[in-house]
Structures are given as C-alpha cells and as structure tokens.
Amino acid sequence: MSLPHAILTALLEKPSSGLELTRRFDRSIGYFWSATHQQIYRELGRLETEGHIRALPAEQPTRGQKKSYEVLPAGREELARWTAAPQDPKPYRDTLLLRLRASAVVGTEGIEADLRRHLALHQRQLTEYQEIEKRDFPPGPADPQDRLQHLVLRAGIDLETFWTQWLTHALTEFAGLPDDRPTE
C-alpha cells in the first residue's frame, strides 16, 4: 500500500510527469522505497482513476506529450490518513544473514568474498548519502519540511554506518575462524 503514498508525497512536493517522477524516485524516494518505472506509471493511472490525482491540462495539445500530475484534495486526505495511522515495523529479512547462518553448517565457500562485496557497496552508499547531506542540508536552522527530509536521510546514513561497521566486524570474525570449518 505504500507506493501510492510515496507517489502522492512526491507529487505534493512538486507536480510532475510520470518520467520526471520516475527520475525523482531514482534520486531520492527510491533510496528507501524502490519502484520500477512500470509500477509508477501503473500506480499513476490507478491514483487518477480513484480521484486522488489529475493530469494537468497541457499547454499545447500534441500527440504523445507527457502528462504532468497534481494531487487533488482527496489524495491529500488519503496521504494524511495514511500518515496518521499506526503501523507496526515489518520483520527484517536479509539473505546475506541467512546465507551466513547456513554457512555454519554447510561451509563458508564464497561467503567471505560476498561479505567484502557487501562492505564495498555499503561504503559507497554511505559516501553518497553523506555527500547528499553536505550538499542539501547545511548546518543551521531549517524549515520543518527540510528537517523531516534530513531525518529520513539520517536514517539512511545511520543504517549504512551500521552495515559498514557490522560487515567490518564480521570480516574480522571470519578471519579468526579455524580452517577446519564445515565444507561438506
């Protein structure tokens, strides 16, 4: 149910065409709620049918012109209702952790290399988030919208910091394991 709410949020921030919206997803919302371009376009159609958004009138009617969308009052009300509703955390699932657990009983071939690969990916993502923070959120007072957006970015920074620290620790532990680990 969250994709339509992510789209409503993005459109309330700035009315956009489907293409502009997918690009914005790739650069911001997509960091914590991913969606394919096809899913976004399908959801735009659904939101329009439900009366939550509408296509803005085109300045010059031309065939194949991209539509820009804006949120209608019903869409704003739905987003406010969804935002205010309590929601439990989702159980965490991570295949790397499951594979690490399984390697304890079937052998560790390939796991160390994948831990290193994951560490490099998380370090790269952490660096990207820190660059966004430096560019978009300078020190000092900020308006409420910027403060909340920065809070979401800080969650990403903190999660990537956790993963880089944990993976570094895991690789240290891995290096200290005896060579007679299960391999059968």
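The values are calculated or read from the model by the stated rules, or taken from the named source; none is laboratory data. The structure displayed is predicted, hence computed values, not measured ones. Neighbour counts run over all protein chains shown; Cβ positions are idealised from the backbone, glycine included. Each accessible area value is taken on the protein alone, full model and side chains, heavy atoms only, with ligands, DNA and RNA left out. Shrake-Rupley method; radii C 1.70, N 1.55, O 1.52, S 1.80 Å.
Residues being part of a helix (DSSP H, G or I) and free of Cβ contacts under 8 Å to residues at least 60 places away in the same chain: count how many of those fall in the stretch 104-128. Of the residues in the stretch 104-128, 16 are part of a helix (DSSP H, G or I) and free of Cβ contacts under 8 Å to residues at least 60 places away in the same chain.
Only one of the listed residues (L148, L171) is open to solvent by 100 Å² or more (accessible area, probe 1.4 Å), on the phi < 0 side of the Ramachandran plot and part of a helix (DSSP H, G or I). That residue is L148. Exactly one residue out of T36, T108, T127 is of a type in the set (S, T, N, Q), modelled with pLDDT under 95 and over 24 Å from L12 (Cα atoms): that is T108.
Of the numbered criteria (1) assigned to a helix (DSSP H, G or I); (2) among the acidic types (D, E); (3) open to solvent by 50 Å² or more (accessible area, probe 1.4 Å); (4) more than 21 Å from L159 (Cβ to Cβ), the one E59 fails is (1). From the list T9, T36, pick out the single residue that is open to solvent by less than 90 Å² (accessible area, probe 1.4 Å), closer than 19 Å to H150 by Cα and β-branched (V, I, T). Matching residue, one of T9, T36: T9.
Let me confirm something: among L47, L79, which residue is within 19 Å of the chain's Cα centre (by Cα), more than 20 Å from H169 (Cβ to Cβ) and modelled with pLDDT of 95 or more? I'd like the intermediate steps shown before the answer.
Values: L47 fails: within 19 Å of the chain's Cα centre (by Cα).
When all the criteria are applied, what remains is L79.
When we screen A35, A85 for residues that are without any contact (Cβ under 8 Å) to a residue 40 or more places away in the chain and farther than 18 Å from R24 by Cα, the only hit is A85.
Looking at the stretch 117-144 only, could you name the residues that are closer than 13 Å to L171 by Cβ and surrounded by fewer than 13 Cβ atoms within 10 Å (Cβ to Cβ)?
Just the residues of the stretch 117-144 that are closer than 13 Å to L171 by Cβ, to begin with: 117-120, 122-123.
Across the stretch 117-144, the qualifying residues are R117, A120.
Scanning the stretch 92-113 for residues that are in contact with a Lys or Arg (Cβ under 9 Å, 6 or more places away or on another chain) and surrounded by 15 or more Cβ atoms within 10 Å (Cβ to Cβ) yields S103, T108, I111.
Please work out which residue is modelled with the highest pLDDT, limiting yourself to the stretch 21-33 and to residues that are under 21 Å from R135 (Cα atoms) and assigned to a helix (DSSP H, G or I). Don't jump to the end; show me each part of the working.
Let us first name the residues in the stretch 21-33 that are under 21 Å from R135 (Cα atoms), namely 23-32.
Next cut, assigned to a helix (DSSP H, G or I) only: 23-27, 29-31.
On the way: R23: 88, R24: 85, F25: 83, D26: 81, R27: 81, I29: 82, G30: 79, Y31: 83.
Per the criteria, the residue is R23.
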